[in-house]
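The values are calculated or read from the model by the stated rules, or taken from the named source; none is laboratory data. Just so you know, these numbers come straight off a predicted model, no measurement behind them. Every residue, glycine among them, receives a Cβ derived from its backbone with ideal geometry; neighbour counts consider all protein chains shown.
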Amino acid sequence: MELKTLSAIQNYATAKPATTPGEGEGGAAAALKGIAGDFASTLAKSEQVAQSTMMGNADPHALVQALAQTELAVETAVTVRNKVVEAYQEILRMPV
């Protein structure tokens with residue numbers, strides 16, 4: 001191996017350090033946790049508005065709006081779940 005090649009390899013190794021296996025997953029895991037939290041808070045808010053409406057403390061229009069937001073959140077979650085299942089099934093069909 002030439003000295004120039006060895007020097008270039010060492011320069012690359014110092015310029016771009018190796019990453020640990022968990023680094024890339026932390027961002028995705030945190031994002032998924034945040035999305036799940038938003039989903040749960042949307043459902044909780046909708047439930048709270050529904051209870052307030054039943055007691056006569058909230059506007060019926062607020063109930064309709066909360067239910068529409070909940071419906072959208074559930075449809076989004078189902079769509080994401082379907083895509084994940086589809087991707088998993090596609091991976092299972094790959095030849096080994």
Tabulated pairs, region 76-89, first without any contact (Cβ under 8 Å) to a residue 60 or more places away in the chain, second surrounded by 10 or more Cβ atoms within 10 Å (Cβ to Cβ) and assigned to a helix (DSSP H, G or I), C-beta under 7 angstrom, 6+ apart or interchain: Ala77/Phe39
Any hit, region 76-96, residues being among the acidic types (Asp, Glu), within 17 Å of the chain's Cα centre (by Cα) and under 19 Å from Ser41 (Cβ atoms): no
Residue satisfying all of: in region 43-61; farther than 14 Å from Leu72 by Cα and among the polar types (S, T, N, Q); modelled with the lowest pLDDT among these: Asn57
Filter result for the condition that a residue is modelled with pLDDT of 90 or more and either under 26 Å from the mean Cα position of the chain (by Cα) or exposed (fewer than 11 other Cβ atoms within 10 Å of the Cβ) (or both), over Ala28, Ala40: Ala40
